[in-house]
Amino acid sequence: MPSREEIIAALTAAGPFELVNDESPGHTIRVYRHAPASFRAVFEGTRAHGEKLFSIYEDETLTYGQHYAQVAALAHHLVERGVAKGDRVAIGMRNYPEWSVAFWACQSIGAIVVALNAWWTTAELDYALDDSAPSALIIDGERLERLRATLGRPGLKAVIVTRRDEAGDGGTDFAEIVARPETELPHVEVGPDDLATILYTSGTTGNPKGAMATQRNHVTNLMNTLLAGTVARITAGLPLEADPAAPQAGVLQTFPFFHIGGLTGLYMSVATGAKVAMMYKWAPPEAVRLIQAHGLSGVSGVPIVVRQLLETAHAMGEDMSSLVGVTSGGAPVPPDLIRRIGDQFQAKAAPGNGYGLTETTSAVITNGGADYLARPDSIGRAVVTAQIRIVDDNGEDVPRGEIGELWVRGANVIPGYWNNPEATAAAFGGGWFRTGDLGFVDQEGFHFVVDRKKDVIIRGGENIYCAEVESALLEHPKVRDAGLIGLPHPELGEEVAAVIQVSPQDDTPATADELRASLAGRLARFKIPTAIKLTTGDLPRTATGKLLKREMRGLYF
C-alpha cells in the first residue's frame, strides 16, 4: 500500500485533482486545473441527482429535482426585480430548506450572498445591512419582525419572506415565487474571481467584519474535501466510485448555514448528492431520532454539540450505527471527545476535524480517521492548496516544535473584508493571513493549536495556554464543559480562573478542590486554576461554538 503522501502526489499530478501553479496574486499558489469555475457550475450538476431526496425538515421533504426547480424560479424572480451579477442579497433565517434555495438562486445569477447571523438583534442586523447594502432581502418571519422598520431602506429591490407565521404583512411570499415552474436558470456567466459570499465574523470584539470570499475560494474548499474523501477511500481499500446500489449518504446539519462550517456542509452535500437533515433548533433527542430514522451517515458540529449527541444516544440506548463519520470543529476540540467517538462507535465511525476560519474558507488543516485517534490533540496536516507558517512576533519563522502564530496562504484565503481596507491590510498584508491562533508543528508535519493569541494568560511571567487546561479539565468524568480566563492579580499580573459546567444529575457533585486535585501531576502547578466557578448551566458561546470570554467574566467573576 502506498503512503498517504504518495497517494496525494499521484492524485494531484493528473486527473480531476491535478494541481497547477497560479502566479496571479503576486505570489505562487496551487489551484485545481479542472475545478468547476463557479458554484453555478456545481449546482448545474445536481440535475443528475433527479428524484434523490435532497432535504428533510420535520415532515417536509424535497427531492433534488424539486430543489432545482425552486432555485430556478427564485433566480428568475430576482433577475426580473433587477438584481444583477455582483449585487448583494442578504439571507436571514434559521436552517430551513428555503435557505438552500435562496443561496443557490443567488449563486446561479452571480449575486453575492450576505449571510446574516440568525441570532443577531435588530441593531446587529441593521449594521450588516448598512455595511453590505443589499439589493434584495430573503428572510423568515422572525427576521421580518426584527427588520420591519428598516424594510424601506434605499436600494432594496425585493423583500422575500418565508415562514412568516404570526409576523404579519410585508414583502413577497417565498412560496408564491417558487410555485412558478422553471426548468432553466437565467443565463449569467460566473467566473472563479467573482465574489460569492460575505460572511460576517463572530464579532466577539467590536463590530463584525464582512469576510468576502470568491467562487474560487469556495470551490477550492470543495475540491480539497473531495480529495480528502478520495484519499480516505484508497487508504481503506475501497473502490473510488461508491456503489450506486448503496443507501444514499445523508448528513445531519447542526452548524448554522450562515457559518462557514454550515455552508461547507451544504455545498458538499449538493456536490455529492447526499440528503440533508435540518433542525429548527438543536435538540439532542431529535438529532438522535433523525439519524436513526433516516440512516444518516455523517454529522458535524461544534464540540459541545457532538458531546451532547453522544451522551444522549448513550442514554437512549441508540447506537446510531449508520454513522460512518463524526466531525467536530468551529472551536478547539478536546482530545477526550475524539477518544469517546472512537470508543462509542468502536472505531467504525471515523472522527474528523477541520481547522480553519471564515477568512480561510473553512479547513486549511485537517485530521481524521486513524491519524486523529492516534493524535487526538492535533488539528492535523495542511491541505494541499494551503501553505502554513508558524511565526514569532516579528514575523520570522520559528523552528519546528516552538510556539508561534499560524499564518496561512493559498487559494482558500479570501481577498479581504468588505468595505474595510484598514482591517484587510492588517490581517492580509504581505500575502499571508494572520490567524491570531498560536500553535506549533511537530517533526512529522502535524499541527497543534494551543490558544488564541489574545487569550493567553500570563501568570508571573509564565504563559498559560487555555486549550491545554480546558482539555485536561474535560478529562474529568463529571465535567461537561470548561472555559479558562485570566483575572487581574496585584502581584502575578494575572491568575487563572475557570468556569466549569458539571452535570446536575450527579449523585455526588464535583467540588472545586476535587477538580484541582485531578489536575495535579498532569499540569504544572502554575497552570492549575486558583479561582473556580461551578455551574450546571451552559457556558456562553457564539452561534458557532466559540466561548464568549468577556461574558464569562461578567457572569461569573
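Here, each number is a calculation from the coordinates, and none is a lab measurement. Predicted, not measured: the structure shown is a model, and the values here were computed from it. Note that we place each Cβ from the backbone using ideal geometry, even for glycine, and neighbour counts take in every protein chain shown.
Taking neighbour Cβ counts within 10 Å as the exposure measure, how do Arg47, Arg81 sort from fewest upward?
On the way: Arg47 11, Arg81 14.
The fewest-first ordering by Cβ neighbours comes to Arg47, Arg81.
With just the Cα atoms defining each centre, how far is region 319-342 from region 374-434? Give it in Å.
Each part's Cα centre sits 26 Å from the other's.
Tell me, what is the Rg over Rh of region 220-278, with Rh the Kirkwood radius over Cα pairs?
Details: Rg = 12.5 Å, Rh = 12.5 Å.
Across region 220-278, the Cα-based Rg/Rh ratio is 1.00.
Roughly how big is region 462-556's charge dipole about its Cα centre, with Cβ charges of +1 (Lys, Arg) and -1 (Asp, Glu), in debye to the nearest 20? Can you show the working numbers first?
Numbers: 12 positive and 14 negative charges, 48 e Å.
It comes to approximately 220 debye.
For the pairs Lys478/Lys527; Lys85/Lys209; Lys281/Lys549; Lys453/Lys546, note any where the Cα-Cα span goes beyond 18 Å.
Details: Lys478/Lys527 20 Å; Lys85/Lys209 22 Å; Lys281/Lys549 24 Å; Lys453/Lys546 15 Å.
Check vs 18 Å cut-off fails for Lys478/Lys527; Lys85/Lys209; Lys281/Lys549.
What are the residues whose amide H is under 5 Å from the amide H of Gly273, where those residues sit 5 or more places off or on another chain and H is modelled from the backbone?
Placed amide hydrogens put nothing under 5 Å from Gly273.
By its C-alpha gyration tensor, with a ≥ b ≥ c as the square roots of the eigenvalues, how is region 222-381 shaped: rounded for a/c under 1.5, else prolate for a/b larger than b/c, else oblate?
Working: a/c = 1.16, a/b = 1.09, b/c = 1.07.
Because its axes are fairly even, with a/c under 1.5, region 222-381 counts as rounded.
Taking the Cβ of Ala115 as the centre, find all other residues whose Cβ is under 14 Å away and add up their charges (Lys, Arg: +1; Asp, Glu: -1). Don't skip to the answer; put the middle values down first.
Working: positive: Arg88, Arg94, Arg143, Lys209; negative: Glu98, Glu124, Asp131, Asp140.
Net of charged neighbours comes to 0.
Whole-Hz ³J(HN,Hα) for each residue in region 43-50, computed from phi via Karplus 6.51 cos²θ - 1.76 cosθ + 1.60 with θ = phi - 60°, x for glycine and proline: what do you get?
5, 4, x, 6, 4, 5, 7, x
Report, ordered by chain and residue number, the aspartates and glutamates lying within cross-link reach of Lys157, taken as a straight Cα distance under 18 Å and ignoring same-chain residues fewer than 8 apart.
Reachable aspartates and glutamates: Glu80, Asp87, Asp126, Asp130, Asp131, Asp140, Asp169, Asp173, Glu176.
Per the helix-only calculation at 222 nm, which mean residue ellipticity applies to the chain, given -39500 (n - 2.57) for every DSSP H run of n ≥ 4 and division by its residues, nearest 500 deg cm²/dmol?
Numbers: 17 runs with 176 residues, N = 557.
It comes out at -9500 deg cm²/dmol, rounded to the nearest 500.
How high is the relative contact order of the chain, in percent, counting Cα pairs under 8 Å that sit 6 or more residues apart? Could the numbers behind the result be given before it?
Details: 1106 pairs, mean separation 58.3, N = 557.
That works out to 10 percent.
How much of the DSSP beta bridge set in the chain is antiparallel, as a percent to the nearest 5?
Values: 54 of 96 bridges.
Percentage antiparallel, nearest 5: 55.
Of the DSSP beta bridges with both residues in region 154-275, give the percent that are antiparallel, rounding to the nearest 5. Mind dumping the intermediate values first?
Details: 5 of 8 bridges.
The antiparallel proportion sits near 60 percent.
In percent, what relative contact order does region 283-405 have, based on Cα pairs under 8 Å that are 6 or more apart in sequence?
Reported as a whole number, the value is 17 percent.
Highest mean first, how do 215-222, 185-192, 467-474, 296-303 rank when packing is the count of other Cβ atoms within 10 Å averaged over residues?
On the way: 215-222: 25.5, 185-192: 14.9, 467-474: 20.9, 296-303: 23.5.
Averaged packing, sorted descending, gives the order 215-222, 296-303, 467-474, 185-192.
Using a Förster distance of 35 angstrom, determine the FRET efficiency expected from the C-beta separation of Asp513 and Asp442, and round it to 0.05.
Numbers: r = 35 Å, r/R0 = 1.01.
With a Förster radius of 35 Å, E is 0.50.
Mind checking region 363-402 for trypsin sites (Lys or Arg not before Pro) that DSSP puts in a loop (not H, G, I, E or B) and that have at most 16 other Cβ atoms within 10 Å? Mind showing how you got there, number by number?
Working: sites: Arg381, Arg389, Arg400; in loops: Arg400.
Passing both the DSSP loop test and the Cβ count: Arg400.
Evaluate the charge dipole of the chain about its Cα centre and quote only its size in Debye, nearest 20, assuming +1 on the Cβ of each Lys and Arg and -1 on the Cβ of each Asp and Glu.
120 debye
Taking N as the number of residues in region 451-557, what value does Rg over Cα atoms divided by 2.2 N^0.38 Å take?
Normalised Cα radius of gyration, region 451-557: 1.02.
Can you find, among Gly265, Pro244, Ile29, the residue sitting farthest towards the positive end of the charge dipole of the chain, where Lys and Arg contribute +1 and Asp and Glu -1 at Cβ?
Ile29
State the extension gain, in nm to one decimal, for the chain segment bounded by Leu487 and Phe526, taking 0.36 nm per residue of separation less the distance between their alpha-carbons. Could you put the intermediate results ahead of the total?
Numbers: separation 39, 0.36 × 39 = 14.04 nm, distance 1.39 nm.
Length gained between Leu487 and Phe526: 12.6 nm.
How would you rank 94-106, 535-547, highest first, on the average number of other Cβ atoms within 10 Å across their residues? Don't skip to the answer; put the middle values down first.
Numbers: 94-106: 25.5, 535-547: 17.2.
Listed from highest to lowest mean packing, they are 94-106, 535-547.
Pulled fully out, how much extra length does the chain show between Thr183 and Arg148, if you take 0.36 nm times their separation in residues and subtract their Cα-Cα distance?
Numbers: separation 35, 0.36 × 35 = 12.60 nm, distance 3.34 nm.
Result for the pair: 9.3 nm of gain on full extension.
Relative to the compact-globule scaling 2.2 N^0.38 Å, provide the ratio for the alpha-carbon radius of gyration of the chain.
On the way: Rg = 23.4 Å, N = 557, 2.2 N^0.38 = 24.3 Å.
Output field value: 0.96.
What trypsin sites (Lys or Arg not before Pro) does region 269-339 have in DSSP loop regions with at most 16 other beta carbons within 10 Å?
Those that pass, being in a loop and sparsely packed, are Lys281.
FRET efficiency for Glu18 and Leu548, Cβ-Cβ distance as r, R0 = 41 Å, nearest 0.05? Show your work: numbers first, answer last.
Values: r = 44 Å, r/R0 = 1.06.
E(calc), rounded to 0.05, equals 0.40.
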